[in-house]
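Encoded as structure tokens, the structure appears first; notes follow it.
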């Protein structure tokens with residue numbers, strides 16, 4: 001919930017607080033919020049602070065969604081190489097004896113999420129660098145979450161269709 005509210009908090013508070021306090025809070029949130037990727041999260045938080053120290057505090061501040069997408073992309077991608085893929089782990093919580101077709105499917109879904117995080121992160125980076133604060137807030141605080149929900153719905157529909165064909 002806090003992550004979804006972050007762009008709106010930036011939009012409302014940047015003029016009154018300035019970018020540095022928000023950059024510090026955002027960097028701390030990244031490190032705290034993603035305990036499953038603690039090393040990556042700390043690196044991302046340090047990168048945002050470094051951007052700020054380089055004289056681009058607002059870019060560091062707006063980099064929060066980029067960092068989160070990069071962490072998720074790295075985590076999902078790494079699971080493809082080190083196995084089992086993250087989506088397979090989630091699927092096995094409900095279905096421990098996942099059939100080979102299910103394993104293949106979950107691998108493809110993990111790959112699809114990697115593409116999502118790559119594209120979403122690239123758009124977040126574009127909005128951080130080129131767009132107005134209002135456009136950045138709209139995309140990163142609303143549109144990206146709608147796209148994520150759409151991804152969940154599409155995957156759920158595909159999974160139901162695949163299961164109906166195999167049963």
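Data overview
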| quantity | calculated |
| --- | --- |
| Among 24, 54, 74: highest mean-square fluctuation, GNM of the chain, C-alpha pairs under 10 Å | 54 |
| For the chain, built as a Gaussian network whose Cα springs stay under 10 Å, the top-fluctuating residue of 20, 136, 12 | 12 |
| Net length gained if the chain between residue 147 and residue 82 were fully extended (0.36 nm per residue, minus Cα distance) | 20.6 nm |
| Whole-Å distance, taken between Cα centres, linking region 5-75 and region 93-159 | 20 Å |
| Relative contact order computed over the chain (Cα-Cα under 8 Å; 6+ residues apart), in percent | 24 percent |
| Length added when fully stretched, residue 161-residue 103, from 0.36 nm per residue minus Cα-Cα | 19.3 nm |
| Whole-number percent relative contact order across region 77-167, with pairs defined as alpha carbons under 8 Å at least 6 apart | 21 percent |
| When the convex hull of its Cα atoms is projected in every direction, mean area for region 2-166 (nm²) | 10.0 nm² |
| Rounded FRET efficiency, nearest 0.05, which uses the C-beta distance separating residue 5 from residue 111 and R0 of 25 Å | 0.25 |
| Among 42, 25, 66, residue whose mean-square fluctuation peaks in a GNM of the chain (springs only between Cα atoms under 10 Å) | 25 |
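Quick note: the coordinates plus some simple rules give every number you see, no bench work behind them. This structure is a prediction, so every number in the text was calculated from the model and none was measured. Neighbour counts run over all protein chains shown; Cβ positions are idealised from the backbone, glycine included.
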